[in-house]
Amino acid sequence: MVQLKLLSLLAASSSIAKAGTTPGACNPLKATSCSPDPALGTSIAEDFTKNSSWFPYVTGGGLVNYTNDGLSMTLDKRYDNPTLQSDFYIMYGKVEVELKAGPGRGVVSSFYLQSDDLDELDIEWVGSDNTQFQSNYFSKGNTTTYDRGQFHGVDSPVDKFHNYTLDWNVDKATWSLDNQVVRTLTNDSSEGYPQTPMFIKMGIWAGGDPDNAPGTIEWAGGKIDYSQAPFTMYVRRVVVTDYSSGKQYSYNGQSGSWESIEAQDGKVLGRTSQANDDYNTLNNGGSIASPTPRSTISPSSSSKSQSASQSSSHSQNVTSASDTKSSDSDSSTQSHSSVSKTSSSDQSSKSESRSTLEPTSTSMSKDHQSKSSGSEISSSVPASTQSPSGTMAGVSEVSSSSSQVVKTASNVAAAVGFSVNSLPFFAAVVALLL
């Protein structure tokens, strides 16, 4: 009886959570009711040696710490997939990350931009390859061809921090390593060109999990050896400049073109010059007026239960056993509501077809798909207590009193995507039901 009541509560509560409240929750080319995208509309430099309110924690297991070396994201055991995601979008802009990739065969570190309609710009590192990183892109989730990816030489990316930059503009996008351009993509690409507002996402996952497709495992360097865990990637700093201004971005129609994007109280490409000035100032040790983060909830208390609010479009060409976020309509929208058992295959479905890659090749033949000191943030719940949805970030912060009620309330809140701040409400309801 109690279970039936709880299921009713879940159904009622889930109707409150609108598609679009979390980045990537609704594909505007497949639905007409998507919420506008919250715009950055300015420039920021985020120091990841301390908590970030611009990048709320997204569940996926693993450990997230803020240390003197920056943010550490650790794949500590099977099914871990610690991931951070911005709570804002940019409409063209420049993004730079100072990052050290996670080591290990089968371990993949990712940093990418993605839009609600599955435009994408990617940077990835395979932990067993300490000489290269990989770039890739997608337009509207198109995975029908397999010649978009490229490899680029880099000195010890799993041992050293490097600066990786994506400069995304209306006419071209560039990937840079330590201020040197290594790849240019023009907007006349036959494979399409990313041109809709994008959020930022970063994380570490097990591309070499034995449940993944053979091509994914081979691309990731082979099967992961979980006995060698933990595997940790570090992010020290992220600089983001939005080339557009305004409070939010919305799609006018379903063409998916940049001309269809409208900026409320602003203009698409309305601050390109200012954004470049900001970028130079921030990278030369200067500062600009500090905007207020849209989310004032610290990562330690945030429970964005979309465990991978829209795992890279590269995952579309693989059937993943991982997060499935429910978008607005059909399966091609790629929904990720954390119903997975494997967060390792979550982002991983990125690459079913990596089986023919040569480590030294300059282009991919197929699309891809130490715990640190410091205060731990939103560590995942032990597997033995984790709900099937896998959305339990923040549960460790709950008081141990009335543990059964709180645990049940936490499961309910997590399953519908509410933060631990909502637990008092759910605990009260559950207490009545029990």
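What follows is calculated from the coordinates using simple rules that are stated; it is not laboratory data. Here the structure is a predicted model, which means the values were calculated and not measured. With ideal geometry, Cβ positions are generated from the backbone for all residues, glycine too; neighbour counts draw on all protein chains shown.
In the calculated pair distance distribution of the stretch 38-139, what percentage of Cα-Cα distances lie above 20 Å?
It works out to 45 percent of all Cα pairs.
Whole-Hz Karplus ³J(HN,Hα) for the stretch 181-187, in order, using 6.51 cos²θ - 1.76 cosθ + 1.60 and θ = phi - 60°, x for Gly and Pro?
Values, residue by residue: 5, 10, 7, 10, 10, 9, 6 Hz.
Size of the dipole of the stretch 31-97 about the Cα centre, Lys and Arg at +1 and Asp and Glu at -1 on the beta carbon, nothing else charged, in debye to 20?
140
Computed over the Cα atoms of the stretch 87-127, what is the ratio Rg over Rh, Rh following Kirkwood?
1.04
Could you pull out the pairs from LYS50/LYS140; LYS50/LYS223; LYS160/LYS247; LYS30/LYS267 whose alpha carbons sit more than 28 Å apart here? Don't skip to the end; give the middle numbers.
Values: LYS50/LYS140 35 Å; LYS50/LYS223 34 Å; LYS160/LYS247 37 Å; LYS30/LYS267 25 Å.
Violating the 28 Å Cα-Cα cut-off are LYS50/LYS140; LYS50/LYS223; LYS160/LYS247.
Quick one: what are the phi-derived ³J(HN,Hα) couplings along the stretch 194-208, Karplus 6.51/-1.76/1.60 with θ = phi - 60°, whole Hz, x for glycine and proline?
x, 8, 10, x, 10, 9, 10, 9, 8, x, 10, 8, 9, x, x
I need two numbers for the stretch 148-259: Rg to one decimal and Dmax as a whole number, Cα atoms only, in Å.
Values for the stretch 148-259 (Cα only, Rg and Dmax): 17.8, 51 Å.
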